[in-house]
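The values are calculated or read from the model by the stated rules, or taken from the named source; none is laboratory data. The shown structure was predicted, so the numbers you read here are calculated from the model rather than taken from an experiment. With ideal geometry, Cβ positions are generated from the backbone for all residues, glycine too; neighbour counts draw on all protein chains shown. Heads up: the accessible areas ignore ligands, DNA and RNA and are worked out on the full protein's heavy atoms, side chains in. Shrake-Rupley method; radii C 1.70, N 1.55, O 1.52, S 1.80 Å.
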Amino acid sequence: MGVYWAIAVRSFRRFSTYRIATLSGAFTNTVFGFIFCGVYLALWDQRPHLGGYDVTDALTFVWLQQGLLVPIGIFGARTTIELGERVRTGEIAVDLYRPTHLMLWWLSMDAGRAAFELVARGGVPLLVGSLVFDLRFPSSPLQGLAVGVALAFGILVSFGIRYLVALSGFWITDSRGMESLALVLSLFFSGTVLPLVVFPGWFGDLARATPWAATLQVPIDVWLGQKAPAQALAFQLGWLVVLLLIGRLATVLATRKVVIQGG
């Protein structure tokens, strides 16, 4: 495990070198936070308890959403995009020669990335938003702990999805089309466009049952006290186990296939 810890630490250091990009991203998320707040205030003025949220919940959702988009990897993440590129070009052969497990190697890389972006970008929009609006925060240390675990599970579930998308290049030779499809699904079903609680009927039930819901919507609902922590964490853990098992199987099948493009 020391090897994977070292990989995560070096990944953290690597992403910490992009200071200007990090500051620019945090600024952009903050600007979009104010834009979304304007939209949500108008929407909740017409529907005060839409989806079971009051206006404080809705505004808190906006600032948590903007802070977590990049750490969770809603738009994709540099680490798993690099993995897909290495599969496409054939450089993945170098990874397969390493005396490490392919999935654990890239999971460690993504964990280091997520840890840095959570520290450097996650809190900035929330801090700015809390200075302007009355936001909701965890009411007890136990709830705060549940939020931390839910966030960790959300990042891991996101990695599980992105890892499978990257490995699809072993069969379709280029994963970029799958990355675009995954981006659309992630934006819609994670709660990035709108909180999933506002979707009615069977469609809302379906949206809240997808693995993308476990990445963003569920951790935020734990923060807001909208979901019982035990129920929320069990839901995330279930998807995490499924995705990692599928990822393990896909890794075995992919390494046996040994189809290398461009090298």
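Overview of values
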read-out	value
Relative packing of peptides 238-246, 165-173 - highest average C-beta neighbours within 10 Å first	165-173, 238-246
Share of carbon and sulfur in the accessible heavy-atom surface of region 1-95 [1.4 Å probe, %]	67
Percent accessible area from carbon and sulfur atoms, region 170-223, protein chains only, probe 1.4 Å	76
Inter-centroid distance (Cα atoms) of region 151-211 relative to region 47-74, Å	18
Nearest-0.05 FRET efficiency for Trp5 and Ala42, computed from C-beta distance (R0 45 Å)	0.45
Average accessible area per residue (Å²) across region 169-263 - probe 1.4 Å, nucleic acids and ligands excluded	50
Segments 212-221, 177-186 sorted - mean Cβ within 10 Å per residue, highest first	212-221, 177-186
Relative packing of 1-13, 96-108, which averages over residues the other C-beta atoms within 10 Å, highest first	96-108, 1-13
